Amino acid sequence: MLFGTDYPMWSPEAELEYFLSLGLENWEINSILNMNAKKIIDFHPKFFETMKNYSREKFTADVMAGIIV
């Protein structure tokens, strides 16, 4: 599970405040806000290295063409 806010629909600050008020354990908070994303990035370093130089226009075109799902 990863933390997300659906910005610009919802305020990241307000959503984070709400998230932190849920009474989760510290390890759960750390996992959702940090460690789970790190695991994904560390697991797929080639994907993220490729995406680093991907232009927004090319990415959008590829998504619309169904190349990236």
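Please treat every number below as a calculation from the coordinates, not as lab data. All of these numbers come straight from a predicted model, not from anything done at the bench. All Cβ positions, even for glycine, are placed from backbone atoms using ideal geometry, and neighbour counts span all protein chains on display.
Cα to Cα, under 13 Å, and not fewer than 8 places away if on the same chain: which aspartates and glutamates meet these conditions relative to residue 39?
Within reach: none.
Spin-label point model (7 Å from Cα, Cβ direction): what's the residue 52 to residue 33 distance in nm?
2.7 nm
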